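**Q** My structure is below; once you've seen it, I'll send some questions.
The values are calculated or read from the model by the stated rules, or taken from the named source; none is laboratory data. Quick caveat, the model's predicted, so the values are computed rather than measured. Every residue, glycine among them, receives a Cβ derived from its backbone with ideal geometry; neighbour counts consider all protein chains shown. The protein model used for the area step is the full one, side chains on, heavy atoms only, and it has no ligands, DNA or RNA in it. Shrake-Rupley method; radii C 1.70, N 1.55, O 1.52, S 1.80 Å.
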Amino acid sequence: MPLKNYIRDIQGFPKEGILFKDITPLLIDPKARNKCLEILVSTLKDKKIDKVIGVESRGFFFGILIAQELNVGFIPVRKAKKLPYKTISATYDLEYGTDTLEIHIDAIQKGDRILIHDDVLATGGTAKAVCELVERLGGEIVQCNFLMELTFLNGRAKIKGNEIFAAITY
């Protein structure tokens, strides 16, 4: 069951020149979704993880499932002004500007071992911002974990020094 068969390409979304990788078919199919979860946790068996971060919004889908599978806490990292409690933030560059991510100030305790999960590693800006948030709160990054990696965009370079895993690579 190749997971790539469950990723739909959408040309020109969200803007012209972008080939969007739509994970909706993967989410709809229970067998494919379960296989994907199995692959995402396969490299985590010997690692002690205290909490899983899911990055808004598509990182929430498998992030919460991974946390459930590992029986650990789940931390949502969200866009600016979406979390109700006190937060810290990190701003990162996009092709067309900047964006900001936030995390609650009490989500990570010093020394917590953190798995960061997001749907895609592309240019690495989002992942780098999340790594910065974890480190500022005193967490230790165990792995940066992705459903997909677009290797031609070289996002790994922005988060080098961290263990990186992707279930699917393009």
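**Q** Taking the Cα centroid of the stretch 78-140 and of the stretch 27-59, what is the distance between the two, rounded to the nearest whole Å?
**A** When both Cα centres are located, 18 Å separates them.
**Q** Residues in the stretch 30-59 near a label at residue 140, defined as backbone nitrogen under 18 Å from the 7 Å Cα→Cβ point?
**A** 44-53
**Q** Now for a different question. Taking a probe of 1.4 Å, how large is the accessible area per residue of the chain, in Å²? Let's see the in-between values first.
**A** Numbers: 8930 Å² over 170 residues.
Accessible area per residue, the chain: 53 Å².
**Q** Normalised by the residues of the stretch 46-169, what does the relative contact order come to in percent, with Cα pairs under 8 Å and at least six apart? Intermediate values should be presented prior to the final figure.
**A** Values: 269 pairs, mean separation 28.7, N = 124.
The value is 23 percent.
**Q** Ok, one more. Carbon-plus-sulfur fraction of the accessible area of the stretch 34-170, 1.4 Å probe, in percent? It would help to have the intermediate numbers written out before the result.
**A** Numbers: 3200 of 6710 Å².
After summing per-atom areas, the C and S share lands at 48 percent.
**Q** Per residue of the chain, what 222 nm ellipticity follows from adding -39500 (n - 2.57) for every DSSP H run with n ≥ 4, rounded to the nearest 500? Show your work: numbers first, answer last.
**A** Numbers: 4 runs with 42 residues, N = 170.
Rounded to the nearest 500, the figure is -7500 deg cm²/dmol.
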